[in-house]
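Chemist: Sharing a structure here in structure tokens format.
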Amino acid sequence: MHSPVIFYVINLAVRSIKKSGLFGSVLAESLFTFGNLIGLNTPEVHLSEDMRRLSALASRAQQIPNQIIIPNTQNQSTILSTSDFTATGKFSSLNPQLKTAPHKPIDHRYISQILSRKDWYLLLNNELKSNKITLNPRNIVSVLQNQENPLHNLIFYLWVSNINPLFAKNQSIRGVLANTLYRKGPILLSKELIELVRNSGCCVTEDSLCILLSSWGRLGLAKYCAQVFDQISVLGLTPTTRLYNAVIDALVKSNALDLAYLKFQQMKADRCDPDRFTYNFLIHGVCKVGVVDEALRLVKQMQEMGYLPNVFTYTILIDGYCNAKRIEEAFKILERMKESNVRANDVTFRSLVNGIFRNVPALEAFKLLSDFVEKEHDLPVAVCESVLHCLSSNSLSKETGVFLKKVVERGYVPDTMTFNITVTCLLKGFDLMETCDIVDSLIGRGMTLGFNTYLLLVESLYKNERILEGNRYLNQILENGLLTNVISYNMMIDSYCKTGMIDRAMRTFLDMLQRRISPNLVTFNTLLSWHCKAGDMHEARELLKMLLQHGFKPDTYTFSSLIHGLCRTHQIDDALDCLNEMVDWGVHPNAITYNILIRSLCVIGDVSKAKALMKKMQVNGVKPDVFSFNALIQNFCRMKEVEKARKVLLTMLTLGLTPDNFTYSAFIKMLCDLGRYKEAKELFSSMEANQCSPDSYTCNLFIDGLVRSGRFSEARDIFLKYKERGIVLKPISIL
């Protein structure tokens, strides 16, 4: 029997609608490493955590006679296979139009097809000569950003470098290439790749090798970096200070500090003198692991070589002292910078703030940095921003408010991002009206709130019955033109619904329609869900009708909301019919859908139907979760059916589900009601051992049971223990 509330409307609406006509590269199976040459063993490839995303890494290679650098291999890969450079079909089938004029976008697919051919170099030259390609940094960056195969990025960079060596030095081009080789790499120097580059008339340049080394370092290929560097003569390159710096930096990035020091010691033999960059890279390496004394030794050695520490050096030292938890000395570095006439930059201040918050408790960090800011004559903006970000990320609302008020009084104005993050944090625990005062003050200075932050502020005010203040900020949203599309309208409607202002949500919906902004399924689902939660099934029916008239098909969320509404209004039979109708519509129920019905059946005491529904749920491939079992457990516990509740719990554990606070609370209350306080206490004490920390409800429930039974001493001990942990507890008369 179908629900008269829902299914008549659905069929009617469908008939009316029909009448109106609405209706990376794959990673190579083996890494080509520099090894297995002339009796050398294949080296290990050490992988950092970043490499866990890659599938199969190995270091298998065959011996190549008379070959010093690159081993041959019979393994083919997407990245390195020579088939990548062979055309599949006639080249005339490729798009011959490759214009880079402003009015026509670059055909990245066409360039990719060229780069996949063996004769890529000649074809690119031909395109350039016929003015089909315009080379400038912007176009080159665009090409590099839109290639799927990272090998194409590398050879395109080599080609443009050969055309104009200035492109090889361009920082934007180098940065994009480096990031691509890291994200989509690794690109390794195979024999095929070297031959491909040489046959085209190009070569692996010092610039390109520096970028490759950097990508390998970031990917954790430390030994590979060292092996390539040891054999660069085969690439036609000689060791330089710049190349040494590149490999030392790569080794530091891959946490191979011992290899970095080895290369540092080899510099003298290759007649390469270390410079400030060399020392800074090594100082960075030792500071990362908190060995600051070695960093200071390197600084002294650097000074003896005639290189004074720069802002980068001092910033690294600050980070190192923070990692070593020597915070006072980190502050002293700032004083040393002033004495040396080295101006601290934003990175310096951010390193200080983040380092302190990372290595000491948040409240202690707040005090240290608050004192520092008060002593500074010129307010460091980067410190203010970083402190606010750290306090907000730690949800320290009161401290955030105190700090923000203090620095605003001294003239600090946060940027838009910091402002929005800070206000969001303040709304979680700072005084609401003080927050409004701070917001108004900063808006008066030209700051703007984002739409999401405005909504949070309006929502908080409405929840606290500050309707006039909420309306004032709502007017600002409208005046600033932030309510312009279906997404912003949906968020506004949801915000009204959350604060219980469903009538206002409906007026906003009607306003949306009048402004000819088409609603989507989310719009209808939001309104329908909240009307169902309120038990207003008449309005839910009207919304369902509108949903169908707009050509939308109800989804799982729609049906789950309707089922919830029917259960709330005690129409369980209609709710079960709705579940069947849902399947007829080709919409699959999920665990939430079944849990609504199971819980409702348990509430009315129809346990047999609830158990049958859980079996049906599993037959249909939907795995019960902890909420499914909690409904049955709570029902049996209410009826003091200890054994039945225990059996359900065992079934739940067999499926690998972990009991939560609701599970424990049901058992604890039942045991207390039965006077089995010793068992209740054992169960309560076992929660944390089973990775479930008691929440406020569970603690209050157990303490109340102990008090009612006259176990005042035990109740007081538990009260004090969990109050110290910040759990909100009801006051008890025995204290």
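Chemist: Looking only at the range 706-720, count how many residues are in a helix (DSSP H, G or I), more than 43 Å from the chain's Cα centre (by Cα) and not polar (S, T, N, Q).
Modeler: Of the residues in the range 706-720, 5 are in a helix (DSSP H, G or I), more than 43 Å from the chain's Cα centre (by Cα) and not polar (S, T, N, Q).
Chemist: All but one of (1) assigned to a helix (DSSP H, G or I); (2) closer than 22 Å to Y224 by Cα hold for C203, so report the exception by its number.
Modeler: Here C203 meets the rest and fails (1).
Chemist: Is it the case that R568 is surrounded by fewer than 21 Cβ atoms within 10 Å (Cβ to Cβ), under 29 Å from Y496 (Cβ atoms), touching a Gly at 6+ places or on another chain (Cβ under 7 Å) and not polar (S, T, N, Q)?
Modeler: The answer is yes for R568.
Chemist: Restricting the first residue to the range 213-231 and requiring it to be more than 9 Å from L251 (Cβ to Cβ), which pairs with a second residue that is modelled with pLDDT of 90 or more and outside any helix (DSSP H, G or I) meet a Cβ separation below 7 Å and a spacing of at least six or different chains?
Modeler: G220/S254; L221/S254
Chemist: When both residues are 6+ apart or on different chains and their Cβ atoms are under 8 Å apart, which pairs have a first residue that lies in the range 322-341 and is on the phi > 0 side of the Ramachandran plot, and a second that is part of a helix (DSSP H, G or I)?
Modeler: K325/N359
Chemist: Here is a further query. Answer with yes or no whether E399 is surrounded by fewer than 14 Cβ atoms within 10 Å (Cβ to Cβ), over 21 Å from N464 (Cα atoms), acidic (D, E) and not assigned by TED's automatic domain parsing to the domain that holds N354. Before you say what the answer is, go through the steps one by one.
Modeler: Details: surrounded by fewer than 14 Cβ atoms within 10 Å (Cβ to Cβ): no; over 21 Å from N464 (Cα atoms): yes; acidic (D, E): yes; not assigned by TED's automatic domain parsing to the domain that holds N354: yes.
No, not satisfied.
Chemist: Do you know which of the residues in the range 217-265 that are hydroxyl-bearing (S, T, Y) and touching a Phe, Trp or Tyr at 6+ places or on another chain (Cβ under 9 Å) is nearest to V286 (Cα to Cα)?
Modeler: S254
Chemist: Just to check your reading of the model, which residue among N139, N126, N95, N164 is surrounded by fewer than 18 Cβ atoms within 10 Å (Cβ to Cβ) and modelled with pLDDT under 85?
Modeler: The conditions single out N95.
Chemist: When residues of the range 227-265 are filtered for being over 41 Å from the mean Cα position of the chain (by Cα) and part of a helix (DSSP H, G or I), how many remain?
Modeler: Adding up the residues that qualify gives 2.
Chemist: What about F419, is it of a type in the set (F, W, Y), in a helix (DSSP H, G or I) and surrounded by fewer than 20 Cβ atoms within 10 Å (Cβ to Cβ)?
Modeler: Here the answer is no, as F419 does not meet what is asked.
Chemist: Let me ask something else. Which ones in the range 465-482 are touching a helix residue (DSSP H, G or I) at 6+ places or on another chain (Cβ under 6 Å) and in a loop (DSSP other than H, G, I, E, B)?
Modeler: L482
Chemist: Let me ask something else. Quick check, is T654 among the hydroxyl-bearing types (S, T, Y) and either more than 30 Å from L562 (Cβ to Cβ) or modelled with pLDDT under 90 (or both)?
Modeler: In short, yes.
Chemist: Out of the residues in the range 568-619 meeting the condition of being among the aliphatic types (A, V, I, L, M) and not in a helix (DSSP H, G or I), tell me which one is farthest from F552 (Cα to Cα).
Modeler: It comes out as I604.
Chemist: Can you spot a residue in the range 533-542 that is at pLDDT 90 or above, touching a Phe, Trp or Tyr at 6+ places or on another chain (Cβ under 8 Å) and assigned to a helix (DSSP H, G or I)?
Modeler: No: the range 533-542 contains no residue that is at pLDDT 90 or above, touching a Phe, Trp or Tyr at 6+ places or on another chain (Cβ under 8 Å) and assigned to a helix (DSSP H, G or I).
Chemist: Next question. Scan (1) under 24 Å from D625 (Cα atoms); (2) surrounded by 16 or more Cβ atoms within 10 Å (Cβ to Cβ); (3) among the polar types (S, T, N, Q) for the single condition S696 breaks and write down its number.
Modeler: Result: S696 fails condition (2) only.
Chemist: Checking I133 against (1) modelled with pLDDT under 50; (2) over 28 Å from I232 (Cβ atoms): exactly one of these is not met. Which one?
Modeler: (1)
Chemist: Another question about this same structure. Going by what's in this entry, would V407 be described as over 29 Å from I493 (Cα atoms), under 31 Å from the mean Cα position of the chain (by Cα) and surrounded by fewer than 20 Cβ atoms within 10 Å (Cβ to Cβ)? Don't jump to the end; show me each part of the working.
Modeler: Numbers: over 29 Å from I493 (Cα atoms): yes; under 31 Å from the mean Cα position of the chain (by Cα): yes; surrounded by fewer than 20 Cβ atoms within 10 Å (Cβ to Cβ): no.
In short, no.
Chemist: May I ask you to verify whether Y496 is among the hydroxyl-bearing types (S, T, Y), closer than 19 Å to K463 by Cβ and surrounded by 20 or more Cβ atoms within 10 Å (Cβ to Cβ)?
Modeler: It is true that Y496 is among the hydroxyl-bearing types (S, T, Y), closer than 19 Å to K463 by Cβ and surrounded by 20 or more Cβ atoms within 10 Å (Cβ to Cβ).
Chemist: Any idea which of (1) in a helix (DSSP H, G or I); (2) within 30 Å of L653 (Cα to Cα) is the one K723 doesn't satisfy?
Modeler: Of the numbered conditions (1) in a helix (DSSP H, G or I); (2) within 30 Å of L653 (Cα to Cα), the odd one out for K723 is (2).
Chemist: Sort out which residues of the range 441-459 are closer than 15 Å to T418 by Cβ, crowded, with 17+ Cβ neighbours inside 10 Å and in contact with a Ser or Thr (Cβ under 8 Å, 6 or more places away or on another chain), and write them in order of number.
Modeler: M447, T453 - these are the residues of the range 441-459 that are closer than 15 Å to T418 by Cβ, crowded, with 17+ Cβ neighbours inside 10 Å and in contact with a Ser or Thr (Cβ under 8 Å, 6 or more places away or on another chain).
Chemist: Is there a residue being of a type in the set (S, T, Y), modelled with pLDDT of 90 or more, assigned to a helix (DSSP H, G or I) and under 18 Å from C602 (Cα atoms) anywhere in the range 688-702?
Modeler: No, the range 688-702 contains no residue that is of a type in the set (S, T, Y), modelled with pLDDT of 90 or more, assigned to a helix (DSSP H, G or I) and under 18 Å from C602 (Cα atoms).
Chemist: May I pose another question? Only one of these is at pLDDT 90 or above and within 35 Å of the chain's Cα centre (by Cα): F667, F662. Name it.
Modeler: F662
Chemist: Would you confirm whether any residue within the range 707-714 is among the hydrophobic types (A, V, I, L, M, F, W, C) and surrounded by 18 or more Cβ atoms within 10 Å (Cβ to Cβ)?
Modeler: Checked against the condition, which is being among the hydrophobic types (A, V, I, L, M, F, W, C) and surrounded by 18 or more Cβ atoms within 10 Å (Cβ to Cβ), the range 707-714 yields no hits at all.
The values are calculated or read from the model by the stated rules, or taken from the named source; none is laboratory data. Keep in mind it's a predicted model, so treat the numbers as computed, not measured. Here Cβ is always computed from backbone atoms with ideal geometry, including for glycine, and neighbour counts include all displayed protein chains.
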